[in-house]
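Below: the structure, in structure tokens.
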Amino acid sequence: MSDDLLKKVISHSKEYGFVFPSSEIYDGLSAAYDYGQLGSELKNNIKQYWWTAMVRMHENIVGIDSSIFMHPTTWKASGHVDAFNDPLIDNKDSKKRYRADVLIEDYVAKIEAKITKDVVKAAKRFGDAFDEAQFRSTNGRIVERQAQIDDILRRFKEAMDTEDLPAVKTLIEDLQIADPDSGSRNWTDVRQFNLMFKTELGAVSGDSGIIYLRPETAQGIFVNYLNVQKSGRMKLPFGIAQIGKAFRNEIIARQFIFRMREFEQMEMQFFVKPGTQEEWYEYWKQARLKWHQALGFGDGKHRFHDHIKLAHYAEAAADIEFDFPMGFKELEGIHSRTDFDLRQHEEHSGRKLRYFDPETQESYVPFVVETSIGLDRMFLATLSAAYAEETLEDGSQRTVLNIPAPLAPVKAAVLPLIKKDGLPEKAREILTMLQMDHNVQYDEKDAIGRRYRRQDAIGTPLCITVDHDTLTDQAVTIRDRDTMQQERVAIADLVARVNEKVGMTQLFAAS
Ligand code: GAP
């Protein structure tokens with residue numbers, strides 16, 4: 001895995017209509033991207049997989065679609081006005097701006113990489129007899145490095161918990177962290193930077209008209225807790241899910257669609273009886289991991305990472321990290337948010353946001369376990385895991401996107417072998433038959449081999465070829481993207497065969 005893969009994914013995305021730089025004719029806008037004709041299909045399929053798993057498959061989870069603009073007090077109550085900050089630091093020589101926490105995390109990651117290298121080497125040397133846990137706890141160099149990591153993280157956590165920004169700067173200086181760009185160690189003080197975008201409402205100007213673009217979709221769920229609970233007669237535990245845009249004025253937005261200022265989240269707030277939150281937190285960690293693993297990206301592509309620095313609302317938090325081309329990074333967060341948000345909204349709105357428990361005859365504020373995944377990150381995870389350059393048996397090359405078939409932007413391509421003799425007409429009949437259920441392409445240009453390559457490059461799981469025999473035997477040849485095997489299938493069986501290959505049901509059978 002490397003930056004090289006990321007570069008290939010970026011250029012492939014542009015060439016085939018997955019992702020374009022935003023407003024490119026004006027030289028683009030930093031960290032803003034547009035999803036193209038295939039990108040928006042892939043994005044929709046990811047959303048559908050999430051929505052089906054979270055909402056449709058759970059009787060006690062419902063979905064909403066709340067507005068991006070919310071009453072400004074929402075963000076005071078939620079703590080975002082006061083606490084949704086990143087510590088930033090500037091390099092005085094290069095004039096580049098960094099997140100202080102990211103500089104420290106990157107430093108730690110380098111030590112971790114050295115440990116991993118030693119472990120891999122030892123595993124090779126000792127073979128089956130290798131006991132990783134024992135090696136990690138007894139090897140002098142690893143123990144020393146781990147102690148160094150623990151010390152850095154302890155100092156960092158202490159400084160952040162007490163909002164001691166000079167201590168964060170001292171840590172950066174003690175570790176002699178240099179500007180990754182220029183190598184300079186000439187740093188400014190660390191400052192807090194609020195990540196919310198502000199704008200003005202209608203004709204009202206001044207402080208009273210200030211409104212924020214939501215930095216998370218979750219608050220739209222919290223403020224609707226009672227509306228949904230009452231109108232849907234929901235009983236605890238129950239969940240509210242939503243997919244929508246979120247905005248953050250990130251200090252550095254980079255790595256393609258990994259970190260953007262405008263992005264999309266898929267979030268679910270699960271309301272539970274106080275005291276049961278730990279059990280639900282564990283439940284959702286495992287359920288969400290299974291959802292990822294069902295896509296079959298391979299063992300070892302996901303791992304949990306417990307947060308060192310908890311967000312202002314959380315009592316426990318873990319990330320599901322994915323092995324992106326840039327290494328393991330956060331893909332999804334699972335957060336135990338206590339009753340913080342609902343209580344804050346009670347206090348600031350003066351409205352009761354309680355649940356009357358018919359069993360205990362008590363009224364209380366529910367606790368919340370949240371699952372929150374970035375749709376754009378999931379898109380990048382899918383594309384980077386799917387991208388492959390292969391050398392085939394005959395020595396030729398193909399670039400293929402091994403996108404899980406149910407998520408593929410185009411599910412099948414219908415290809416008449418030649419452009420005459422009634423084959424295009426027959427092919428279009430088949431196209432119409434499949435189009436109602438799936439996104440299917442018709443392609444009659446170029447030799448069949450080139451058409452296969454074009455479909456491989458966009459990840460189409462099935463190519464359906466119509467030839468002269470089709471007109472008499474009412475059958476077509478199906479070519480599978482992954483095995484490249486070809487098979488004759490009766491047109492009468494085609495719908496069932498396509499459904500079997502690309503249907504979402506298989507993802508649920510696997511999970
Ligand atoms: N409601 C909780 C919340 O927003 P978060 O960890 O800040 O938690 C959740 O964000 C997810 O949103 C992340 O795991 C990530 O996938 C995605 N995300 C956050 N900031 C992002 C950004 N700037 N660009 C793209 N995705 C982002």
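The values are calculated or read from the model by the stated rules, or taken from the named source; none is laboratory data. Keep in mind the model is a prediction, meaning the values are calculated, not measured. Cβ placement follows ideal geometry from the backbone for every residue including glycine, while neighbour counts extend to all protein chains displayed. The accessibility values were calculated without ligands, DNA or RNA, using every heavy atom of the protein model including side chains. Shrake-Rupley method; radii C 1.70, N 1.55, O 1.52, S 1.80 Å.
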Would the stretch 19-39 turn up any residue that is crowded, with 19+ Cβ neighbours inside 10 Å and at positive phi?
-> yes
Output for Cβ contacts, cut-off 8 Å, separation at least six or different chains, first residue more than 28 Å from Gln277 (Cα to Cα) and charged (D, E, K, R) in the stretch 234-259, second near the ligand (Cβ under 9 Å from one of its atoms) and not in a loop (DSSP other than H, G, I, E, B), reads Arg248/Phe263
For the stretch 342-391, the count of residues that are open to solvent by 10 Å² or more (accessible area, probe 1.4 Å), among the aliphatic types (A, V, I, L, M) and touching a strand residue (DSSP E or B) at 6+ places or on another chain (Cβ under 6 Å) equals 1
Being farther than 30 Å from Glu346 by Cα, modelled with pLDDT of 95 or more, under 28 Å from the mean Cα position of the chain (by Cα) and of a type outside the set (Ser, Thr, Tyr) narrows Ile177, Ile149 down to just Ile149
The condition from (1) within 13 Å of the ligand (Cβ to nearest atom); (2) open to solvent by 10 Å² or more (accessible area, probe 1.4 Å); (3) in contact with a Pro (Cβ under 9 Å, 6 or more places away or on another chain); (4) under 27 Å from Ala287 (Cβ atoms) that Leu236 misses is numbered (1)
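Residues being in a helix (DSSP H, G or I) and open to solvent by 60 Å² or more (accessible area, probe 1.4 Å): count how many of those fall in the stretch 83-112. I'd like the intermediate steps shown before the answer.
The initial filter retains those residues of the stretch 83-112 that are in a helix (DSSP H, G or I), namely 83, 100-112.
Adding the requirement that they be open to solvent by 60 Å² or more (accessible area, probe 1.4 Å) leaves 105-107, 110, 112.
Of the residues in the stretch 83-112, 5 are in a helix (DSSP H, G or I) and open to solvent by 60 Å² or more (accessible area, probe 1.4 Å).
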Just checking, does the stretch 307-330 include any residue being in contact with a strand residue (DSSP E or B) (Cβ under 9 Å, 6 or more places away or on another chain), among the charged types (D, E, K, R) and away from the ligand (no atom under 16 Å from the Cβ)?
no
Among the residues of the stretch 165-197, the number that are part of a loop (DSSP other than H, G, I, E, B) and closer than 24 Å to Asp82 by Cβ is 6
Going through (1) surrounded by 12 or more Cβ atoms within 10 Å (Cβ to Cβ); (2) more than 16 Å from the ligand (Cβ to nearest atom); (3) of a type in the set (A, V, I, L, M, F, W, C); (4) part of a loop (DSSP other than H, G, I, E, B) one by one, Ala203 fails only at (1)
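Going residue by residue through the stretch 176-191, is there one that turns out to be more than 30 Å from Ser94 (Cβ to Cβ), open to solvent by 30 Å² or more (accessible area, probe 1.4 Å) and touching a residue at least 40 places away in the same chain (Cβ under 8 Å)? Before the answer, list the steps.
First, pick out the residues of the stretch 176-191 that are more than 30 Å from Ser94 (Cβ to Cβ): none.
Checked the stretch 176-191: no residue is more than 30 Å from Ser94 (Cβ to Cβ), open to solvent by 30 Å² or more (accessible area, probe 1.4 Å) and touching a residue at least 40 places away in the same chain (Cβ under 8 Å).
What are the residues in the stretch 239-273 that are more than 11 Å from the ligand (Cβ to nearest atom) and surrounded by fewer than 19 Cβ atoms within 10 Å (Cβ to Cβ), if any?
Going residue by residue through the stretch 239-273, those that are more than 11 Å from the ligand (Cβ to nearest atom) are 239-241, 243-244, 270-273.
If the condition is that a residue be more than 11 Å from the ligand (Cβ to nearest atom) and surrounded by fewer than 19 Cβ atoms within 10 Å (Cβ to Cβ), then Gly244, Lys273 are the ones that fit.
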Here the residues within the stretch 41-62 that are within 30 Å of Gly459 (Cα to Cα) and not in a helix (DSSP H, G or I) are Met57
Among Thr460, Thr477, Thr470, the single one that is over 21 Å from Ile403 (Cα atoms) and open to solvent by less than 10 Å² (accessible area, probe 1.4 Å) is Thr470
